[in-house]
Amino acid sequence: MPEPIPFPAPTRLAARSAVVVGGGIGGLACAIALRRAGLTVQIIERARKLREVGAGLQLTPNATRILRDMGLMPRLEEVAVAPRALDVRSGRSGSTLARAEYGPATTRFGAPFMVVHRADLQKILADTAEAEGCAIALDSELTSLEPSARSVRAVVRQGQNLFAHGADILIGADGVRSTVRNHLYAGYDGRKGPPAGPVFAQRVAYRTTINAPDNYPPEVRLYLGPNAHLVAYPVKGGNTLNIVAIVKETKPVGRWNAPGNSLDVLRPFANWAPEVLKLLESAPHFLCWGLYDIAPLPRWSFGRMTLLGDAAHAMLPFLAQGAAQSIEDAAELARALQHNSDAEAALHAYEAARRARTARIQTDARRNGSIYHFSGPARIARDLVIRRTGQGLLDRYDWIYSA
Ligand SMILES: Cc1cc2nc3c(=O)[nH]c(=O)nc-3n(C[C@H](O)[C@H](O)[C@H](O)COP(=O)(O)OP(=O)(O)OC[C@H]3O[C@@H](n4cnc5c(N)ncnc54)[C@H](O)[C@@H]3O)c2cc1C
């Protein structure tokens with residue numbers, strides 16, 4: 001196994017201990033990065049088991065570069081697929097509008113595009129965090145925070161009992177409905193920025209996995225149609241096909257299991273290409289997922305507490321960047337703690353390095369969501385542009401992938 005490439009040698013260390021609230025991809029990546037920077041780390045996770053729900057995840061070079069530098073590539077390669085192309089198709093006819101090969105982009109960005117089942121990535125991160133000495137408290141829900149000038153105490157409910165975990169700094173990696181964010185913004189002067197809270201995007205994602213059809217190619221297929229789109233790619237070494245069907249929905253929804261072939265899923269796809277219908281009809285069930293993001297926040301860090309991942313910048317999945325950005329956050333936070341001697345200054349440096357970039361991605365992801373669902377003349381014009389762009393489809397996101 002290749003040696004992990006270490007983060008730059010610390011010049012100073014702004015904190016010795018951290019509590020990370022949330023054991024999702026962002027929280028676990030953060031725990032590993034902070035541990036390697038020399039901090040002791042306590043993860044607090046509300047779930048009884050670390051179990052990522054949902055299905056697949058596209059990992060772009062900006063994320064795989066960091067995972068590689070963390071030494072995780074050998075394990076990732078065992079379970080992930082390196083797709084060879086992005087194939088954008090018309091949902092109605094199934095014909096290819098444009099095809100962009102990942103190979104040249106991988107060479108240019110110096111790290112691969114990968115697709116992986118999110119449970120596999122979470123397991124790799126959790127195993128690594130535990131093996132390197134991060135403590136993980138499961139079934140532990142953060143209920144309140146008690147900050148002081150030199151430390152932070154997280155009060156946690158575990159069954160009927162309350163416990164306190166104290167540390168020099170606290171990172172809220174507790175997702176789009178973040179308790180830490182609510183706490184930080186409770187006393188915030190609203191005139192300084194918009195209130196923080198999830199916004200329903202009027203989109204629902206139906207997610208499922210099926211056995212990959214024979215000879216299914218290692219590529220990401222994006223089918224575009226009026227008011228709906230569908231993404232399919234293989235995961236689990238190519239044996240499983242991940243399918244996400246995204247449709248317009250005006251009523252806010254949380255999350256539920258829908259039986260396969262349910263009308264809700266199939267109705268928007270009724271006139272689509274037979275290859276799309278075949279995929280949807282072969283799914284035994286779907287996990288239905290309302291899509292929410294938050295508006296870019298005016299700040300993330302308050303004293304010795306900060307936010308990371310979806311808690312800081314929940315975004316719509318139309319640039320496949322939510323998890324990638326949480327991994328970038330983790331690396332940047334570790335760097336900031338190593339290069340500042342003061343904890344509060346380090347958290348501000350981290351936020352300063354990250355906030356504009358993630359805000360731009362949040363905004364662009366919203367815009368992409370609208371473009372994907374164009375109908376009528378706008379759809380025809382969009383398809384024309386896509387056909388002309390061809391391989392250039394990936395170049396448009398140089399600014400994301402090359403970071
Ligand atoms: C349909 C869809 C497709 C997507 N596709 C991609 C993709 O291809 N590529 C990509 O990069 N991103 C993608 N994303 C985004 C990605 O899934 C998220 O951005 C990412 O998982 C966020 O990770 P996180 O750790 O910040 O938050 P979460 O995964 O939400 O983790 C938060 C954790 O905090 C815990 N928690 C919450 N409250 C508390 C509390 N009070 N106390 C203790 N623990 C608590 C939760 O149980 C959870 O484990 C997609 C999202 C969706 C919906």
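Residues Tyr401, Tyr372, arranged from fewest to most other Cβ atoms within 10 angstrom of their Cβ, appear as Tyr372, Tyr401. Evaluated over the Cα positions of the stretch 307-403, the convex hull gives a direction-averaged projected area, one quarter of its surface, of 6.7 nm².
What pairs from Lys248/Lys278; Lys123/Lys248; Lys49/Lys248; Lys123/Lys251 go past 24 Å between their alpha carbons? As for pairs spanning more than 24 Å Cα to Cα, those are Lys123/Lys248; Lys49/Lys248; Lys123/Lys251.
When DSSP beta bridges are restricted to pairs lying wholly in the chain, around 75% turn out antiparallel.
Shown here for the stretch 106-215: trypsin sites (Lys or Arg not before Pro) in loop regions (DSSP other than H, G, I, E, B) with at most 13 other Cβ atoms within 10 Å, namely Arg150.
Take Leu384, Leu337, Leu184, Leu138 and order them by how many other Cβ atoms sit within 10 Å, fewest up front. Intermediate results must be reported in sequence, preceding the final value.
Details: Leu384 11, Leu337 28, Leu184 25, Leu138 14.
By the 10 Å Cβ count, ascending: Leu384, Leu138, Leu184, Leu337.
Within the stretch 326-403, which trypsin sites (Lys or Arg not before Pro) sit in a loop by DSSP and count at most 16 neighbouring Cβ atoms inside 10 Å? Those that pass, being in a loop and sparsely packed, are Arg396. Along each principal axis, taking the top coordinate minus the bottom one, the Cα set of the stretch 83-136 gives 51, 29, 11 Å in descending order.
With only Lys, Arg, Asp and Glu charged, each at its Cβ (+1 for the first two, -1 for the last two), find how big the charge dipole of the chain is about the Cα centre; round to the nearest 20 debye. Provide the component values of the computation, followed by the final result.
Values: 48 positive and 36 negative charges, 192 e Å.
Computed about the Cα centre, the dipole is about 920 debye.
Centroid-to-centroid, using Cα positions, the stretch 140-187 and the stretch 283-319 are 18 Å apart. Annotation: the antiparallel percentage among DSSP beta bridges lying fully within the stretch 19-127 is about 75.
Taking other C-beta atoms within 10 Å as the exposure proxy, Val20, Val156, Val385, Val79 rank Val385, Val79, Val156, Val20 from fewest upward.
Read-outs: derived from the displayed coordinates by stated rules, not from any lab. All values derive from a computational prediction rather than experimental measurement. A quick note on method: Cβ atoms are made from the backbone with ideal geometry, for glycine too, and the neighbour counts reach across all protein chains shown.
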